[in-house]
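One structure is given here, and the rest of the page talks about it.
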Amino acid sequence: MLERRVVLRDHIRLLIALKVRPDQPRLVTENAITLAEAPYETGSYVWGLWDGNIPVGLMAMVHPAQYPWHLDGDDRQAAYLWRLMIGAEFQGRGYGRGAIGFALEQAHDWGCPRLVASVTDEPHSNIGFYEKLGFRRTGRMPDGEVEIVTDV
């Protein structure tokens, strides 16, 4: 059963060891980078995704009210799913869907009416995964990625 846990010191190497499939390296930033950047991203929160004692992924979100660097056009009421990574050997088992459930729950707890993310639009992209879960394209392309949103 998938659990979302605060990242502890003992978890770091296990989470860094998780990798995506060989055809996916440009779809999500490596966990080591996310863990290194998080302390410097005001309003960011990072969780490990676990199935029992096995780490299966990493999820990071940004609280919109705590983030001081909004750009013109940003939805300042939407929680931002900053990163979602499921290890290659764990993909296709429902962990990504479960993680989106956690993200929606967290956005709701923060009082956000929407959840925003951005995805690459290239071969092997995960945009179809998000669209199946109710996300829709906003028409914006922040940092060259397709922005998507869903209601909480």
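The values are calculated or read from the model by the stated rules, or taken from the named source; none is laboratory data. None of these values were measured; they are calculated from a predicted model. When we count neighbours, we look across all protein chains shown, and the Cβ atoms used for this are built from the backbone with ideal geometry, even at glycine. Quick note on the areas: whole protein, heavy atoms, side chains included, nothing else; ligands and nucleic acids left out. Shrake-Rupley method; radii C 1.70, N 1.55, O 1.52, S 1.80 Å.
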### Summary
Listed by first then second residue, the pairs whose first member lies in the range 1-16 and is closer than 15 Å to TYR45 by Cα, whose partner is open to solvent by 70 Å² or more (accessible area, probe 1.4 Å), with beta carbons under 9 Å and at least 6 positions apart or on separate chains, are ARG4/GLU105; VAL6/TYR45
### Query
Going by the structure shown, is LEU35 free of Cβ contacts under 8 Å to residues at least 40 places away in the same chain and surrounded by 12 or more Cβ atoms within 10 Å (Cβ to Cβ)?
yes
### strands (runs of 3 or more DSSP E) completely within the range 24-141 that count 3 or more residues being among the hydroxyl-bearing types (Ser, Thr, Tyr) and over 24 Å from MET1 (Cα atoms)
none
## Note on the structure
Going through the range 42-65 in order, the residues found to be open to solvent by 40 Å² or more (accessible area, probe 1.4 Å) and within 14 Å of the chain's Cα centre (by Cα) are TYR45
#### Entry: Conditions (1) modelled with pLDDT under 95; (2) touching a Phe, Trp or Tyr at 6+ places or on another chain (Cβ under 9 Å); (3) charged (D, E, K, R): number failed by ARG97
(1)
### Query
List the pairs whose first member sits in the range 120-140 and is of a type in the set (Gly, Ala, Ser), whose second member is at pLDDT 95 or above, and whose Cβ atoms are under 8 Å apart, counting only residues at least 6 apart or on separate chains?
SER125/VAL119; GLY134/THR150; GLY134/ASP151; GLY139/GLU147
